[in-house]
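Asker: Quick one: this structure, given as structure tokens, is what I'll be asking you about.
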Amino acid sequence: MKLKVLPLALLLLAAWLACSDFESARDSTLPWMNPVVLPGELEAMAWVRQNTAPRAVFVNDIFGGEFLMGNSLRESAVGGDWAIIPGVVQRMHDVQYSFYEAETPEQAWETAKKYGAKFVWAPQRQVFPGYEWVSVNQELFDPQYFRLAYSNPDVKIYEVLE
Amino acid sequence: MNERLPLAFLLAAVALSLYGHSMVFNEWVMPTYGNTMIHVASARHAIETGEYPMWNDYSYGGGQPNLYVPLYRFLYAELVALTGLSFDLVGRLIVVLYALLLPLGFYLLGRELAGEWAGVASAFLASLSPELLIYTVRPLPQGLGLALLPIGFYFLAKKDLRASVLSAFLIVLAHQEAGVFFVGCAFAFGALEVARAFLAGKRVFAESMPGFAAWGAGTLTYLGWHFFAVRNLDLFALAQFQHHEGAFVSLQLLYDKTGLVLLALGALGFALLAYKALENKLKAPGVFALSALLVGLFCIKNDLFGLQVFMDRFIVFLHVSMIPVAALALKEACSFSGKIDERIRTRLSRGG
């Protein structure tokens, strides 16, 4: 059989370029593997299951909220499929700016009450409630409005007081 | 040539796909980007309570019907129930399933379009798309839709009526966007087959039936599900349409999300198919490939037609159309360069 040089050279060129594309595809994908949530957040699920009612609502960010619903069957004020949620943009805006970035503990408490939240998820990482990434401001959790119910090095859970 | 050689290369393509997707095991928990856990919630609810949370979804504080199509969640729950493994491990194993199905599906589709070696090339090219990897390396319904699409397309290109209709049903219930793309391609295929059959003097109804049947089955399936879930058919009331979710697609973005090889070969393949279509030399698989490319281009530029929804999200679906066409282009380029090689040899031997 005669070796055809041109087709072979073409295939080698395509394979060489493809190697670069393949590496590039893997590099582009790696950031999507970042779990965002912390191991302590998974550890907290056992406490959630034992100490909160099924489908209890938490104030949480999108990643933490979805992690919570998937692992414990509790709900989050934000996170999930937004296709048919009434007032969904206002909801995200409120959790972003009137809760995690609230100016006072009272404003945060009122926002939690507005969305029927019984608990607050306060992880030791940046949170994303729908608009931007922010750190959790622990000073919001004034004992007049919130009671620390659970804590591990990665997450604190506060009860929203009546 | 050894008949087992294509099979050996196909196995290598499967191995490459598995390697590409192996990053799903990188982290201490399965990927969370892209709402992976909301599907786990529905599957877990089904396992723990024995009921699917149809009328009270977990999203955004609950209280709303569960509109998301359910096939992936049912599959997830079944796999957990059958194996007894954790949700986390099953999620990662679902990704392994996608990694296996993708090269095999693209092999079938490429082979139907342009023969055995185009099938093999197609299986390899499936590992080059960054978008395809991003969407199939996470346990998501998108991944299931994308893994089923090449198989559904294979049945359409073959004009297997029953399998095409079944594919439409499954893909639509696996993932909405994949379903939209599949029924769009099926309709365009039916329409182009009407034109081809008319020009060739063939029976128009028989030639176009598989495409139109798959389109009808998929459309009715989704509308039925949507009405069952929310008691209306107002698709444009969905938040994705209302808020125009998605980004505009520029050539630079298309290049970044496609890669050099796939984009160059895809463009060459498109030109080849268009040329053959103008010469009226396309057979049914070629007509299907052209239809799917045109629908893919329409989807990524749907802002030009007033829709403006998910333009960038459809790039990955364009890739599904593009991969077998790129494989066709590679095969044709090799064939053409082989002829040049032959001529050069002939001239050199004459000169010698």
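The values are calculated or read from the model by the stated rules, or taken from the named source; none is laboratory data. Owing to the predicted nature of the structure, the values given are computational and were not obtained by experimental measurement. Using ideal geometry, Cβ is built from the backbone for each residue, glycine included, and neighbour counts are taken over all protein chains shown. Side chains are part of the model used for accessible areas, which takes the heavy atoms of the whole protein and leaves out ligands, DNA and RNA. Shrake-Rupley method; radii C 1.70, N 1.55, O 1.52, S 1.80 Å.
Asker: Quick one: B:Leu282 ticks every box in (1) within 22 Å of B:Ile171 (Cα to Cα); (2) at pLDDT below 95; (3) surrounded by 15 or more Cβ atoms within 10 Å (Cβ to Cβ) except a single one, so which number is it?
Answerer: (1)
Asker: B:Leu146 passes all but one of (1) open to solvent by 10 Å² or more (accessible area, probe 1.4 Å); (2) farther than 19 Å from A:Ala18 by Cβ; which number fails?
Answerer: (1)
Asker: If you don't mind, there's one more thing I want to ask. In the stretch B:318-335, is there at least one residue being in a helix (DSSP H, G or I), hydrophobic (A, V, I, L, M, F, W, C), within 12 Å of another protein chain (Cβ to nearest Cβ) and open to solvent by 50 Å² or more (accessible area, probe 1.4 Å)?
Answerer: Looking through the stretch B:318-335, none of the residues is in a helix (DSSP H, G or I), hydrophobic (A, V, I, L, M, F, W, C), within 12 Å of another protein chain (Cβ to nearest Cβ) and open to solvent by 50 Å² or more (accessible area, probe 1.4 Å).
Asker: Same structure, new question: From the list B:Leu16, B:Leu11, B:Leu7, which residue is out of contact with any Gly (no Cβ under 8 Å at 6 or more places or on another chain) and in contact (Cβ under 8 Å) with a residue 60 or more places away in the chain?
Answerer: On the way: B:Leu11 fails: in contact (Cβ under 8 Å) with a residue 60 or more places away in the chain; B:Leu7 fails: in contact (Cβ under 8 Å) with a residue 60 or more places away in the chain.
Matching residue, one of B:Leu16, B:Leu11, B:Leu7: B:Leu16.
Asker: Could you go through the stretch A:103-119 and let me know if any residue there is among the hydroxyl-bearing types (Ser, Thr, Tyr) and within 23 Å of B:Tyr58 (Cα to Cα).
Answerer: Residues of the stretch A:103-119 that are among the hydroxyl-bearing types (Ser, Thr, Tyr), as a first pass: A:104, A:111, A:115.
Cutting the leftovers down to within 23 Å of B:Tyr58 (Cα to Cα) gives us A:111, A:115.
Checked against the condition, which is being among the hydroxyl-bearing types (Ser, Thr, Tyr) and within 23 Å of B:Tyr58 (Cα to Cα), the stretch A:103-119 yields at least one hit.
Asker: Here are the criteria: (1) of a type in the set (Gly, Ala, Ser); (2) under 20 Å from A:Leu38 (Cβ atoms); (3) crowded, with 16+ Cβ neighbours inside 10 Å. Tell me which single one A:Ser151 does not satisfy.
Answerer: Of (1) of a type in the set (Gly, Ala, Ser); (2) under 20 Å from A:Leu38 (Cβ atoms); (3) crowded, with 16+ Cβ neighbours inside 10 Å, only one is false for A:Ser151: (3).
Asker: For the structure I just gave you, tell me whether B:Ala191 is open to solvent by less than 10 Å² (accessible area, probe 1.4 Å) and among the hydrophobic types (A, V, I, L, M, F, W, C). Steps first, answer last, please.
Answerer: On the way: open to solvent by less than 10 Å² (accessible area, probe 1.4 Å): no; among the hydrophobic types (A, V, I, L, M, F, W, C): yes.
No: the conditions fail for B:Ala191.
Asker: Show the residue pairs that are 6+ apart or on different chains and have beta-carbon atoms under 6 Å apart, the first residue being within the stretch A:106-126 and surrounded by 15 or more Cβ atoms within 10 Å (Cβ to Cβ), the second being of a type in the set (Ser, Thr, Tyr) and in a strand (DSSP E or B).
Answerer: Cβ pairs passing all conditions: A:Val120/A:Tyr158.
Asker: Looking only at the stretch A:33-53, which residues are within 9 Å of another protein chain (Cβ to nearest Cβ) and open to solvent by 20 Å² or more (accessible area, probe 1.4 Å)?
Answerer: Within the stretch A:33-53, A:Asn34, A:Val36, A:Pro39, A:Leu42 meet the criteria.
Asker: All but one of (1) surrounded by fewer than 24 Cβ atoms within 10 Å (Cβ to Cβ); (2) part of a helix (DSSP H, G or I); (3) within 13 Å of another protein chain (Cβ to nearest Cβ); (4) in contact (Cβ under 8 Å) with a residue 40 or more places away in the chain hold for B:Ile344; state the number of the condition that does not hold.
Answerer: Looking at each condition in turn, B:Ile344 falls short on (4).
Asker: Sticking with this one: Counting just the residues of the stretch B:238-259 that are within 8 Å of chain A (Cβ to nearest Cβ) and more than 20 Å from the chain's Cα centre (by Cα), which one comes out least open to solvent (accessible area, probe 1.4 Å)?
Answerer: B:Ala239
Asker: For the stretch A:72-80, check the following and say yes or no: at least one residue is open to solvent by 20 Å² or more (accessible area, probe 1.4 Å), at negative phi and either of a type in the set (Gly, Ala, Ser) or modelled with pLDDT of 95 or more (or both). Spell out how you get there, then give the answer.
Answerer: Of all residues in the stretch A:72-80, those open to solvent by 20 Å² or more (accessible area, probe 1.4 Å) come to none.
Scanning the stretch A:72-80, I find no residue that is open to solvent by 20 Å² or more (accessible area, probe 1.4 Å), at negative phi and either of a type in the set (Gly, Ala, Ser) or modelled with pLDDT of 95 or more (or both), so the answer is no.
Asker: What number of residues within the stretch B:160-183 satisfy the criterion of being buried (at least 21 other Cβ atoms within 10 Å of the Cβ) and not β-branched (Val, Ile, Thr)?
Answerer: The number of residues fulfilling the criteria is 11.
Asker: Considering only the stretch A:4-32, how many residues are more than 7 Å from chain B (Cβ to nearest Cβ) and either buried (at least 17 other Cβ atoms within 10 Å of the Cβ) or within 22 Å of A:Arg125 (Cβ to Cβ) (or both)? Break it down into steps so the answer makes sense when it comes.
Answerer: As a first pass, look at the stretch A:4-32 and keep what is more than 7 Å from chain B (Cβ to nearest Cβ): A:8-9, A:12-13, A:15-16, A:19-20, A:23, A:27, A:31.
If we keep only those that are either buried (at least 17 other Cβ atoms within 10 Å of the Cβ) or within 22 Å of A:Arg125 (Cβ to Cβ) (or both) too, we end up with A:31.
Number satisfying all stated conditions: 1.
Asker: For the stretch A:54-83, give me each residue that is within 8 Å of another protein chain (Cβ to nearest Cβ) and outside any helix (DSSP H, G or I).
Answerer: A:Arg55, A:Val57, A:Leu73, A:Glu75, A:Ser76, A:Ala77, A:Val78, A:Gly79, A:Gly80, A:Asp81, A:Trp82, A:Ala83
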